Amino acid sequence: MRSWCLLCIGILTAIGLAAPIEPLLLEKMSTVSSDDYLPVMIALEQQFDAEQVIKTVKVKDERWRITVSGLKELAQQSQQPLLVELEKLASAGKAKNIVPLWIVNAVYCELVPDAILIVAQMPGVWFVQWDLIPTENALGLAQVARADVTSGVDSREWHVRKVKADSVWYVYGYTGQGVVIGNIDTGCDYTHPDLSGHMWTDPNYPYHGWDFENNDNDPMDANGHGTHTCGINAGDGTAGDTTGIAPRAQIMSCRTKTSLSSPLPDTIAENTVFQAMQFCVAPPLSPENHAQLLSMSLGWQHSWNPRRALWRQAVTNVAAAGLPYFIAAGNEGSSSPPDNVRTPGDVPGPWKHPAEMAGGLGGAISIGATDSLDNYAYFTSWGPVSWSSVPPYNDYAYPPGLLKPDFSAPGVDVVSCRLGGGYISMSGTSMATPCAAGIAALMLEKNPNLLPEEVDSIMQYSVVPRGTPPKNNTYGTGRIDALRCIENTPLPFGVRFYRSIVDDSSGGNNDRIINPGETINLPVWVKNQCNYATSGVVGILRTADSSHITILDSVKNFGTIPAGDTAFSGIPGFGFTVAPACSNGYALNFELVIRDAADSVWVSTLKLRVGTPVLNGDSVYAYDGGNGKLDPGEECDIAVQLVNSGLGNAYDVQVVFISADSRLAVLDSTAVYGLIPADSWLMNETDHFRVRASATIPREFVIPCSLRISQTGYPDRTVYFGLQVGRLTAIDPIPDGPREPALYYAYDDIDNEYSERPIFSWVELRNLGTRLTLSDDQTVQLNLPPRFGPIKFYGQRYTQISICSNGWVAPGSATQTTWTNTALPNTDMPPMFCLKWDDLYPPTGNGVWYYHDSLNHRLIVEWDSVHYYSPRDSWDKMEIIFYDTTLAAADGNTEVVYQYLTANRNSSMTVGEQDPSRTIAIQVVFDNNYHRAAGPIVPGRAIKFTTDAPLVGLAENQTQ
């Protein structure tokens with residue numbers, strides 16, 4: 001069922017499904033313990049009507065603003081109840097890593113099974129999906145041999161010449177200059193000589209993009225695939241071999257979470273791709289400095305059960321924002337339709353070819369692969385595809401289905417940039433896709449105003465025809481030709497709206513924002529994009545929205561405008577009034593009809609938006625003289641960040657802070673904020689609230705609070721938010737759990753404010769201690785020296801330890817040799833200390849040593865430059881230190897310290913400990929998923945496990 005409601009330019013879709021938990025996730029939930037976290041995507045029923053935007057909004061810049069603001073506003077409003085519930089679950093240890101998305105209305109997080117059941121039943125939830133989709137070859141790369149090309153050959157590669165991109169450079173001079181290509185892949189080697197000179201630049205993103213796998217600002221390539229596709233986009237031949245179609249385009253690199261190494265199956269975390277998409281559309285810190293198009297060489301086979309409806313929504317949202325989106329069709333040429341083309345390459349395009357059957361629009365320009373003889377590659381995926389069983393779309397029934405791919409490009413034995421320098425040959429629709437995207441960059445240099453549907457239509461008609469005309473399911477319309485694309489791309493033409501100024505100085509509050517009820521003067525500039533001068537130019541402003549807009553001055557003379565020049569309407573410009581009933585973001589739709597003396601007529605769409613303030617509480621800062629957080633037992637001043645997500649300024653803001661929990665006493669509840677401009681935030685830094693948090697509040701418990709907000713010109717309103725007490729960060733110890741209160745804590749060497757913080761001090765055992773004879777996947781038992789005494793762990797005494805070759809030690813006698821690391825706790829494993837649980841191979845390297853340092857009351861076990869089973873050339877050096885009973889914690893439990901001299905391979909490891917019941921644990925990290933209170937495992941890291949509770953200050957005597 002589909003229902004509609006108004007948002008921004010109005011229109012959201014609401015979808016209801018009977019089974020909100022997808023079958024693959026239900027199956028996974030049945031195989032894990034109740035405390036295991038599963039990565040999930042929670043999609044909401046309300047979704048932005050991107051297809052309506054594509055059909056109705058034809059001004060590119062305005063389309064971007066309408067879509068991005070509409071998507072963000074929808075996400076903020078509709079996700080709030082879900083996010084509050086997730087924060088509560090996080091406080092209970094049942095949720096973590098919560099990431100709200102807006103490119104599609106969904107939230108990524110990690111939940112335990114019973115938490116999944118809770119959120120699946122919440123109103124407004126469309127479905128819950130397992131985020132980590134197992135795949136065999138998630139990238140659009142054919143399983144054929146790669147061939148290194150050791151040096152440049154000072155030539156233009158065959159694919160460049162085949163599509164005549166070099167002819168475009170030399171005949172027309174278009175090279176992609178000024179066009180930013182968003183490349184979503186495994187990252188990019190931005191130091192490669194052919195790419196380093198024209199990576200996307202932004203002061204907020206010094207490494208030219210973002211790494212969504214590790215959530216940092218360095219998208220250096222993970223395996224070489226992304227560098228290769230970037231080289232096809234824009235490699236400029238500096239190192240000798242010209243591989244790029246648009247050699248002066250800029251590359252915005254977005255690295256997604258991929259795993260391509262044995263023994264794990266290849267995987268791509270869908271949430272990282274969604275995050276990459278929204279980064280390309282509007283980078284968080286610099287939204288106006290976005291990409292002009294997207295190139296993505298990855299996808300999901302239908303047999304992997306991707307949630308196709310969510311992908312169609314997300315990809316269509318990108319097109320609604322005005323960005324053409326080129327996506328690999330896939331490499332399953334031996335499979336059968338309608339499930340051959342990968343998702344999201346199976347999404348309909350933003351333009352409908354006349355040969356296609358009736359159905360909805362989308363955003364995917366799907367690319368197939370051809371060889372040097374223009375034959376389609378044996379591996380290239382082919383259509384048709386069907387959406388008839390995918391609600392809410394239910395279109396393109398098979399047969400005949402939707403024709404895919406849209407067109408093809410060179411993708412066999414394509415030479416491009418190699419990670420680390422030089423060149424390499426690869427095959428796949430992965431290579432064809434950036435070739436097509438590079439051609440689009442040439443087109444957008446010629447005409448930056450082209451919309452995705454215009455790019456799509458021009459390119460589908462600008463091909464060397466192949467297969468059955470006019471469009472077929474192997475080649476699409478044919479093999480793309482860059483020269484034809486440029487020749488078919490029109491220059492921007494006509495006298496068009498250029499820019500305007502909102503002047504509300506006489507009819508409003510003079511903030512240059514259109515507020516409800518104001519009278520607006522609108523000075524306007526127009527630009528003559530004709531190749532000749534126009535004379536007698538007159539502009540007429542009109543609207544069909546008479547219920548919200550009253551035009552007061554509709555005609556302006558612009559006179560004679562030379563070719564390429566602009567003209568100004570003068571002051572005060574056009575005039576209109578806005579109805580008081582207009583809400584924030586309401587779109588005021590105008591047409592500017594421009595006529596010249598020769599009776600030529602051009603119509604520009606002009607969309608303005610009404611702005612009102614939309615205030616919500618966000619983060620809290622505690623003036624506690626310490627860590628800036630409100631902790632249990634503290635009384636201090638706090639400041640609450642108010643975020644104005646609206647398009648209007650908030651004036652004379654005053655707030656009353658209210659706690660709904662008696663354990664949080666509010667001692668000073670009022671604060672004056674004053675002015676909070678549109679799209680900004682403000683904290684009450686000079687007029688604080690004051691609160692007292694009871695010592696009985698558990699750490700990370702979310703207290704329900706509210707803010708009663710008053711401001712000039714608008715009614716009072718109350719907004720609700722949660723104040724988290726005792727929030728954990730990387731400079732706090734990790735408590736064991738799930739339970740309250742904790743017994744053991746893990747402190748690392750960056751927990752500077754805590755007295756139990758360890759100090760890294762390496763103890764070398766080689767040639768000092770005893771080397772154990774450990775083979776692959778072997779565990780040996782070691783009796784503790786009598787002078788050392790027993791280990792007391794969670795109150796249980798042990799006189800023996802078991803040392804496993806795979807980086808863990810168990811108190812007592814254990815025989816497990818498991819090399820595949822898992823999350824903690826794990827009931828199939830013994831109580832254990834996981835120094836670095838991974839598939840280690842002690843026969844290669846300097847082995848595993850132990851030593852009883854009686855003088856310093858400690859027993860040490862060292863993995864001395866032990867290599868990994870795979871890749872065998874990678875190794876690490878680390879040790880675990882047990883302190884005897886004379887240096888035990890205050891309650892007599894043993895203190896243990898981990899130390900890491902190297903950290904060469906961290907992608908598939910477990911670090912932490914679990915108790916004798918195997919239901920309580922501290923998990924520092926599991927497969928690069930760090931606890932929020934953990935510092936990363938790096939050389940020189942020390943981690944101390946102790947039952948001494950957190951105290952702020954310096955230790956009198958530190959064991960480490």
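Read-outs throughout are calculated quantities, based only on the coordinates presented, and are distinct from any laboratory measurement. Bear in mind that the values here come from a model prediction, so they are computed numbers and not experimental data. Ideal geometry is used to build each Cβ from the backbone, glycine not excepted, and the neighbour counts take in all protein chains shown.
Some observations on this one:
- Greater than 26 Å apart at Cα, pairs in 60/164; 58/527; 55/162; 28/88: 60/164; 55/162
- Alpha-carbon centroids, region 194-221 and region 308-366: separation in whole Å: 28 Å
- Residues 606, 768, sorted so that the one with the fewest Cβ neighbours within 10 Å comes first: 768, 606
- A cut-off under 9 angstrom between Cβ atoms defines the neighbours of residue 299, and their net charge, with Lys, Arg +1 and Asp, Glu -1, is 0.
- Each of 819, 200 has some number of other Cβ atoms within 10 Å of its Cβ, and from fewest to most they run 819, 200.
- Cross-link partners for residue 792 among the aspartates and glutamates, with Cα-Cα distance under 16 Å and sequence neighbours closer than 8 places in the same chain left out: 884, 891, 895, 913, 915, 948.
- Averaging the sequence gap over all C-alpha pairs within less than 8 Å and six or more residues apart, then dividing by the number of residues, gives region 147-479 a relative contact order of 21 percent.
- Averaging the Cα positions of each part gives two centres, and for region 922-950 and region 555-625 these lie 53 Å apart.
- Cβ-based net charge around residue 383, under 13 Å, with every Lys or Arg adding one and every Asp or Glu removing one: -2
- Residue 815/residue 114 FRET efficiency (R0 45 Å; Cβ-Cβ; nearest 0.05): 0.90
- Helix axis angle, 225-234 relative to the chain longest principal axis, alpha carbon, degrees: 20 degrees
- Length available on full extension from residue 512 to residue 542: 0.36 nm per residue minus the Cα-Cα distance, which gives 8.7 nm.
- Exposure proxy for 946, 316: other Cβ atoms within 10 Å of each Cβ, ordered fewest to most, give 946, 316.
- Listed residue (533, 557, 516) projecting farthest to the positive dipole end of region 495-609, Cβ model: 533
- Each Lys and Arg contributes +1 and each Asp and Glu -1, all at the Cβ; summed about the Cα centre of the chain, the dipole is approximately 1840 debye.
- Surrounding net charge for residue 328, when Lys and Arg each add one and Asp and Glu each subtract one, Cβ distance under 13 Å: -2
- When +1 charges are put on Lys and Arg Cβ atoms and -1 charges on Asp and Glu Cβ atoms, the dipole computed for region 615-725 relative to its Cα centre reaches about 260 debye.
- FRET E, pair residue 669, residue 286, Förster distance 45 Å, beta-carbon r, rounded to 0.05: 0.75
- On the beta carbon distance between residue 593 and residue 641, with R0 = 41 Å, the FRET formula returns roughly 0.35.
- Listed options for volume of the Cα convex hull per residue in Å³ are (i) 210; (ii) 299; (iii) 168. The value calculated from this structure is the one marked (iii).
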